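Working notes for the structure below.
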Amino acid sequence: MANALSINLPSEVRRGENFLITVTQGVNQNQSEGARLLLDGVGIGNTSAQGTMVYRINATGDHTVVAEKEGFNETSKKITVTSPIKLQSLKVPDKVSAGQDIKITANLQNTGKETEVRKLDLKVTLRRERTLLQASATSRRTLEATE
């Protein structure tokens, strides 16, 4: 533990949002000046005299931040970067007949501070409903099938 580094950062941030990375060292968890920081294996800078660095990540997804310093065991922590675009509502017709055009409306909000350009994928799952009549009865059953 005497030669251990410790890294502290948020587990999740929005794309383009500044966040604080803090590195401490040793049993007493003293500020670690000059610790080298890497994001996904690429150097991003060194900690200040206070053992900190402010950084922002512009790529969404899961990332790893590593802190290393001569004479100390390196340490790492995961961070997830999310898009500031949030789905507010989605409107889809309840019923669509074969061959009928449909209108799907999505309302999105950019909760970030910067302009966001992003490809959005819409995945549609079709359910086919069939009404079956039993030969000896007049009751109906509805079956659902996913294609």
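The values are calculated or read from the model by the stated rules, or taken from the named source; none is laboratory data. Bear in mind the structure is a predicted one, so any value in this text is a computation, not a measurement. Positions of Cβ are generated from backbone atoms using ideal geometry, with glycine treated the same way; all protein chains shown enter the neighbour counts.
The set of residues in segment 51-67 that are among the polar types (S, T, N, Q) and surrounded by 12 or more Cβ atoms within 10 Å (Cβ to Cβ) comprises THR52, THR60, THR64. Please verify whether VAL23 is more than 27 Å from the chain's Cα centre (by Cα), aliphatic (A, V, I, L, M) and over 30 Å from LYS119 (Cβ atoms), treating the condition exactly as stated. No. Pairs meeting the criteria (first residue in segment 32-44 and surrounded by fewer than 15 Cβ atoms within 10 Å (Cβ to Cβ), second residue outside any strand (DSSP E or B) and of a type in the set (Val, Ile, Thr), beta carbons under 8 Å, at least 6 apart or on different chains) are GLY34/THR47. Filtering segment 51-60 for residues that are within 16 Å of the chain's Cα centre (by Cα), in a strand (DSSP E or B) and closer than 20 Å to ASN110 by Cβ leaves an empty set.
Pull up segment 36-61, narrow it to residues that are of a type in the set (S, T, N, Q) and at pLDDT below 95, then point me to the one that is farthest from PHE19 (Cα to Cα). Across segment 36-61, the extreme among qualifying residues is THR60.
The set of residues in segment 76-123 being among the small types (Gly, Ala, Ser), closer than 21 Å to TYR55 by Cα and not in a loop (DSSP other than H, G, I, E, B) consists of SER76 alone.
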